[in-house]
Amino acid sequence: MPADAEVRAETAARTSYGRLLALLAARTHDLASAEDALADAFERALARWPVDGVPDDPDAWLLTVARNRQRDRWRSAAERTSVPFDETEHDIPETGAAPDRRLELLLVCAHPDLAGAGVPLMLNTVLGFTAAEIGAALLIPTATMAARLTRAKKRIARERIPFAVPDFEALPDRLGPVLEAVYGSYTIEWPTPPRERHALLLGLARTVTEAAPTVPEAHGLAALLYLSSARLPARVDEDGRYVPLAQQDPRRWDRDLIAAGHRHLRAAHALRAVGRFQLEAAIGAVHCARRPGEAPDWAHLRRLYDALVALAPTRGAAVARAAVIAEIDGARAGLDALDAVGDVGRLQSGWALRASLLDRLGDPAADAAYAKAISLTTDPAEREYLGRARRSGR
């Protein structure tokens with residue numbers, strides 16, 4: 001029982017953190033104190049559940065403990081003079097009866113007054129990433145990121161930014177940073193997210209589409225995440241070795257997730273406004289349409305990447321387009337397209353592609369490119385794959 005209780009507490013921390021924090025912070029607009037209260041609740045769960053047993057509704061237990069902690073702080077003289085708190089609001093006994101206010105919290109983080117801090121704040125508050133994790137993903141020092149998050153939370157409390165969904169006309173613009181945050185969290189976790197976190201991210205994308213069904217890019221993002229997730233089972237073989245996308249066995253892909261991705265992609269297309277996430281999802285759909293033994297439809301992928309680079313000219317999209325050009329017109333043409341991207345800096349995909357194309361051309365510079373790509377690779381399976389490719393090219 002003690003071990004099981006600890007696992008249940010850790011699972012609740014991964015899957016319920018954002019929903020509980022949103023419920024707690026909506027009452028006071030004070031994210032920092034809500035985080036403290038929730039941390040105290042999780043600490044008490046780790047202490048009490050192994051002794052008393054896991055409650056029937058762990059989230060309700062955590063919410064009640066955290067709210068009691070908030071109430072105790074508010075009743076202190078120091079807090080009562082500065083932090084409003086509604087004493088008349090009763091604790092909700094079953095969290096299933098409580099509204100899911102994560103979208104409202106995401107929108108608070110995306111408020112125009114918080115420009116520059118919105119995406120990191122969403123990753124931190126709703127999805128539970130630390131300042132160190134966010135800083136590493138965005139190439140920002142941890143101390144700088146932590147200070148930025150602290151300032152943003154203080155501003156939310158000071159200005160009492162409302163926890164509310166904006167009107168129909170304002171919602172699409174306000175949702176843009178929200179979608180970027182969900183996408184950013186997915187890429188941070190890629191390619192091996194814990195099962196609970198993976199389900200949470202897909203669920204969060206679904207929550208956004210349910211709250212904003214007429215926003216095309218909300219469906220586009222959901223489609224992208226579902227189609228990308230569908231291919232995860234085939235990303236490594238039975239021995240744990242990395243398998244490039246074009247070489248994966250389509251029979252190992254998750255057909256239910258592919259179907260869900262197509263549903264969201266159709267919903268986005270029906271709204272007749274093309275966006276970046278829809279194009280990326282369409283690229284995923286082309287890959288998922290491949291049958292066993294077939295090559296991807298490179299010509300179709302080239303057209304989609306041309307459109308994506310024109311609409312959203314990111315370095316990552318341009319590198320992927322160069323890879324497709326290499327498949328159609330040869331390694332030299334691919335290298336020319338990659339050179340046109342400019343300095344790929346610490347972009348791992350750029351160095352991995354350069355190494356592969358130089359290798360195909362028999363250029364000895366491939367070894368240094370492989371070394372750089374390996375140094376930027378955090379996934380063990382992909383690192384081992386690049387190491388094997390480097391050794392075989394020597």
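The values are calculated or read from the model by the stated rules, or taken from the named source; none is laboratory data. Predicted model only: the values in this text are computed from it and were never measured. Because the Cβ atoms are built from the backbone with ideal geometry, glycine has one as well, and the counts that use them run over all protein chains shown. All accessible areas refer to the heavy atoms of the entire protein, side chains included, with ligands and DNA or RNA removed. Shrake-Rupley method; radii C 1.70, N 1.55, O 1.52, S 1.80 Å.
Here are the numbers:
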{"read-out": "Residue selected from the stretch 147-158 under the condition aliphatic (A, V, I, L, M) and buried (at least 17 other Cβ atoms within 10 Å of the Cβ), by the criterion farthest from Trp190 (Cα to Cα)", "value": "Ala157"}
{"read-out": "Total residues in the stretch 226-248, condition free of Cβ contacts under 8 Å to residues at least 12 places away in the same chain, surrounded by 12 or more Cβ atoms within 10 Å (Cβ to Cβ) and either touching a Lys or Arg at 6+ places or on another chain (Cβ under 8 Å) or part of a helix (DSSP H, G or I) (or both)", "value": "1"}
{"read-out": "Residue match in the stretch 124-138 (condition: surrounded by 17 or more Cβ atoms within 10 Å (Cβ to Cβ), under 30 Å from Pro380 (Cα atoms) and among the hydroxyl-bearing types (Ser, Thr, Tyr))", "value": "yes"}
{"read-out": "Pairs, first open to solvent by 20 Å² or more (accessible area, probe 1.4 Å) and part of a loop (DSSP other than H, G, I, E, B) in the stretch 47-72, second β-branched (Val, Ile, Thr) and modelled with pLDDT under 90, C-beta under 7 Å, six or more apart", "value": "Asp57/Thr95"}
{"read-out": "Hits in the stretch 282-308 - residues which are among the aromatic types (Phe, Trp, Tyr) and under 23 Å from the mean Cα position of the chain (by Cα)", "value": "Tyr305"}
{"read-out": "Criterion violated by Gly330 - all others in (1) farther than 25 Å from Gly240 by Cβ; (2) open to solvent by 40 Å² or more (accessible area, probe 1.4 Å) satisfied", "value": "(2)"}
{"read-out": "Single residue of the stretch 310-322 satisfying the filter (open to solvent by 40 Å² or more (accessible area, probe 1.4 Å) and modelled with pLDDT of 95 or more) that is nearest to Arg263 (Cα to Cα)", "value": "Leu311"}
{"read-out": "Selection count, the stretch 251-294, where residues are farther than 22 Å from Tyr305 by Cα and either part of a loop (DSSP other than H, G, I, E, B) or out of contact with any Ser or Thr (no Cβ under 7 Å at 6 or more places or on another chain) (or both)", "value": "10"}
{"read-out": "Of all residues in the stretch 333-359 being over 29 Å from the mean Cα position of the chain (by Cα) and open to solvent by less than 40 Å² (accessible area, probe 1.4 Å), the one that is nearest to Tyr305 (Cα to Cα)", "value": "Gly334"}
{"read-out": "The stretch 159-191: number of residues that are over 20 Å from Phe277 (Cα atoms), in contact with a His (Cβ under 9 Å, 6 or more places away or on another chain) and open to solvent by 30 Å² or more (accessible area, probe 1.4 Å)", "value": "3"}
{"read-out": "Residue in the stretch 288-306 that is over 30 Å from Gly387 (Cα atoms), basic (Lys, Arg), outside the structural domain of Ser356 (by the TED database) and surrounded by fewer than 16 Cβ atoms within 10 Å (Cβ to Cβ) present", "value": "yes"}
{"read-out": "Qualifying positions in the stretch 110-149 - in a helix (DSSP H, G or I), farther than 22 Å from Val208 by Cβ and of a type in the set (S, T, N, Q)", "value": "Thr142, Thr144"}
{"read-out": "Residues being open to solvent by 20 Å² or more (accessible area, probe 1.4 Å), at pLDDT 95 or above, under 23 Å from Gly240 (Cβ atoms) and not small (Gly, Ala, Ser) - total across the stretch 360-381", "value": "1"}
{"read-out": "Residue, modelled with the lowest pLDDT, within the stretch 162-201, restricted to residues that are of a type in the set (Asp, Glu) and outside any loop (DSSP other than H, G, I, E, B)", "value": "Glu196"}
